[in-house]
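Below: one structure, written as structure tokens.
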């Protein structure tokens, strides 16, 4: 399975538009090669370089297995559910690292054999527990972002 974005390449810089310094909207994502039997997808985006430990920026689950992209701004397709990020909000919260060295942001997409039986607003740990034994494949896209001010 492969995960890509029209906004940035693997290992490339995430444009400011998708960060707290810009419009803070989610980047467009597209994927291909989902295995047969995929019924749903779960997406987790996080920053392992955050000063306090890995910071969760976005969780989205129960994206229908027939879907192969998310448009800019994260308009979730029917049935998809937004989880709670570490900004204590549902939906996307863009990169917003402290000034200094750029941070890495990992967008991880999981192909699942069944939708997750979770209420809206589930957290990354809850989603990871629910995915156990249901992940058919995973794809990852990493981008970087740094702030000078």
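Figures for the structure shown
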{"read-out": "Qualifying residue in the range 136-147 (condition: crowded, with 19+ Cβ neighbours inside 10 Å, within 22 Å of residue 15 (Cβ to Cβ) and in contact with a helix residue (DSSP H, G or I) (Cβ under 9 Å, 6 or more places away or on another chain))", "value": "yes"}
{"read-out": "Output for the range 133-148, where each listed residue is closer than 28 Å to residue 22 by Cβ and more than 17 Å from the chain's Cα centre (by Cα)", "value": "146, 147, 148"}
{"read-out": "Hits in the range 99-123 - residues which are surrounded by fewer than 20 Cβ atoms within 10 Å (Cβ to Cβ) and under 14 Å from the mean Cα position of the chain (by Cα)", "value": "104, 106, 108, 123"}
{"read-out": "Single match in 50, 76, 111, 117 (criterion: in a strand (DSSP E or B), farther than 15 Å from residue 18 by Cβ and touching a residue at least 12 places away in the same chain (Cβ under 8 Å))", "value": "111"}
{"read-out": "Candidates 45, 34, 68, 50 - the one that is under 19 Å from residue 121 (Cα atoms) and either surrounded by 13 or more Cβ atoms within 10 Å (Cβ to Cβ) or touching a strand residue (DSSP E or B) at 6+ places or on another chain (Cβ under 6 Å) (or both)", "value": "45"}
{"read-out": "Qualifying positions in the range 1-54 - touching a helix residue (DSSP H, G or I) at 6+ places or on another chain (Cβ under 9 Å) and farther than 30 Å from residue 117 by Cβ", "value": "7, 8, 22, 23, 24"}
{"read-out": "Close pairs (9 angstrom Cβ cut-off, 6 or more residues apart or separate chains): touching a residue at least 12 places away in the same chain (Cβ under 8 Å) in the range 124-148, surrounded by fewer than 16 Cβ atoms within 10 Å (Cβ to Cβ) and in a helix (DSSP H, G or I) anywhere", "value": "145/16"}
{"read-out": "Those residues of the range 120-144 which are in a loop (DSSP other than H, G, I, E, B) and closer than 23 Å to residue 30 by Cβ, in sequence order", "value": "134"}
{"read-out": "Considering residues of the range 25-47 that are in contact (Cβ under 8 Å) with a residue 24 or more places away in the chain, over 14 Å from the mean Cα position of the chain (by Cα) and assigned to a loop (DSSP other than H, G, I, E, B) only, the residue farthest from residue 132 (Cα to Cα)", "value": "33"}
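Just so you know, all these numbers are worked out from the coordinates, no wet-lab data involved. Keep in mind it's a predicted model, so treat the numbers as computed, not measured. Methodologically, a virtual Cβ is constructed for each residue, glycine included, from the backbone with ideal geometry; neighbour enumeration extends over all protein chains shown.
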